[in-house]
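Only one structure is covered here, and it is reproduced in the block below.
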Amino acid sequence: MDATKRKPLRRGKPLKRSGIKRKRRRPRDRDRWNTTEWKLHCDTLWSRAVRLGGTCEVCGATDKRLEAHHLIPRSCLYFRHHLENGVCLCTTCHTFGWMMSAHGAPLDFINWMQANKPEQFAWWTEHKNEIHSNPTIADYRDIAAHLEAVIEKQEKYEFCQDTIRECSE
């Protein structure tokens, strides 16, 4: 067959999606969550709890997007949701800064941790090489309850501080 007379790959009208709409799956009750659902819920709570301070711990920025950085990588599931394992950073100090960022210049970040957060640095050096079993659903429930309590306590504290400021003005 001649190369110039090839047939097109598709004939006629372009393919369309069928008109059938899929039903949106309702979220399941917490009692029926599997390990993945609990892990994702705990990830959200952990990130929120770490970012409660509202400032980047390196540069002090409050107007930038804040992110939670894991000192021990997320792949280590045992320490993944420990509050000691997190540092609140702006996007620049977390990923994009070339002078000093947790991912862009990790050695400089480690030196910064050692100088400015010695307790957290000591915790990191003590636990970074430990090996533990992966958490179970019961462990994730306990972690979620603890993180929810931390978040609620901090939000109540901030509400009280705002109320005191308003009353004193």
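Where a number appears in this text, it was derived from the coordinates with a stated rule and is not lab data. All figures in this text were calculated on a predicted structure; none of them were measured in a lab. All Cβ positions, glycine included, derive from the backbone under ideal geometry; neighbour counts span all protein chains shown.
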Checklist entry - What is the extension gain from Ile110 to Asp63, computed as 0.36 nm multiplied by their sequence separation minus the C-alpha to C-alpha distance, in nm to one decimal? => result 14.5 nm
Checklist outcome for this item: Listed with the fewest Cβ neighbours within 10 Å leading, Arg51, Arg74, Arg80, Arg32 appear as Arg32, Arg74, Arg51, Arg80
Item to check | Base-10 log of normalised Debye intensity for the range 35-143 (one unit scatterer per alpha-carbon) at q = 0.14, 0.17 Å⁻¹ | outcome: -0.57, -0.82
Next on the checklist: Counting only other residues whose beta carbon sits under 10 Å from that of Glu37, what net charge do I get with K and R as +1, D and E as -1?
Outcome noted: +4
